[in-house]
1. Would you mind getting me the FRET efficiency between VAL196 and ARG86? Use the beta-carbon distance for r and R0 = 35 Å, nearest 0.05.
2. What is the fewest-to-most order of MET226, MET205, MET100 by other Cβ atoms lying within 10 Å of their Cβ?
3. Using a 7 Å offset from the Cα along the Cα-to-Cβ direction at both MET205 and ALA124, what is the distance between the two label points in nm, to one decimal?
4. Remind me, relative contact order of the stretch 107-212 in percent, using alpha carbon pairs under 8 angstrom and six or more residues apart?
5. Taking 8 Å as the Cα distance limit and 6 or more residues as the minimum spacing, I'd like the relative contact order of the stretch 42-149 as a percentage.
6. So if each residue of separation counts as 0.36 nm, and I subtract the Cα-Cα distance between ILE180 and ILE101, what length gain in nm does that give?
7. Compute the distance in nm between two label points, each set 7 Å from the Cα along the Cα-to-Cβ direction, one at LEU162 and one at PHE58.
8. Which of TYR71, ILE54, THR39 sits farthest toward the positive end of the charge dipole of the stretch 33-116, with +1 on the Cβ of Lys and Arg and -1 on the Cβ of Asp and Glu?
Amino acid sequence: MHTNKLIGIFFIVGAIALFIPYTVLTIIFEYPMILRQDTSAILIKFHECGNTLIWTWFCFAVTGIPLLPAYILSGQQLEKYSAWIRVATNIGVIGLIVQMIGLLRWTFVVPVLANAFVSATDEATKSAAIIAFKTIHQYGGVVLGEHLGQLFTITWTVIISLVCSGNKFFPSWVGTLGLISSAIYLCAQAELFQTVIPGFPVWGMAGFIGSTLWLIWLLIIGILFMKKKG
């Protein structure tokens, strides 16, 4: 199996693998809309869903692993076109790892807090669980996973799109799609600032539209890599 075909397989598997657990989370956990509810409701819902939810979150966190070799191998293939590709590869890999770390809080931290909240017999313990959840969620989710992780992923996408379009490695419309999805995805950062700046203007659909277009873009470049010789 030649390198480009292998890269294509990694991109396609990674994109599909991310989509499946995300879809399951929307069904059984009402994610991401549930995050707009009170913390107590989130913890109770999490506890009710049990081990199924824990394993779903674990799958969602680790299904990005196929993208790691995809980023690295594609970077090696594209390095001859621009010195920025090596920078992009490092940024992309860091972004993926940071997002995985952020997501794994749902597997190894939130279950403990949910159990503590539900089993608590006094308000002090419940309040402590709520504060702990908010702190972990704000740092592990907002700072690491959604802010740094997504910014690094967007940066990787922009560089890859510009280099591949400029050197005709992919059709120009593929690069355009990558830039459009990145721009929309970037708008989702406004929701993160709203968590600390009340009233900060947001576009509620930016995260969903941007991430969906990005996954479609990943599938497309995966298919294009598989079609390339070498």
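1. Details: r = 34 Å, r/R0 = 0.98.
Once rounded, the FRET efficiency stands at 0.55.
2. On the way: MET226 16, MET205 12, MET100 19.
Going from sparsest to densest Cβ surroundings: MET205, MET226, MET100.
3. It works out to 4.9 nm between the two label points.
4. Numbers: 84 pairs, mean separation 18.6, N = 106.
Across the stretch 107-212, relative contact order equals 18 percent.
5. On the way: 92 pairs, mean separation 38.3, N = 108.
Reported as a whole number, the value is 35 percent.
6. On the way: separation 79, 0.36 × 79 = 28.44 nm, distance 2.68 nm.
25.8 nm is the gain from fully extending ILE180 to ILE101.
7. Label-label distance for LEU162 and PHE58, simple model: 4.1 nm.
8. With unit charges placed on the Cβ atoms, the residue in question is TYR71.
Only the coordinates and a few stated rules stand behind these numbers; no lab work does. Bear in mind the structure is a predicted one, so any value in this text is a computation, not a measurement. With ideal geometry, Cβ positions are generated from the backbone for all residues, glycine too; neighbour counts draw on all protein chains shown.
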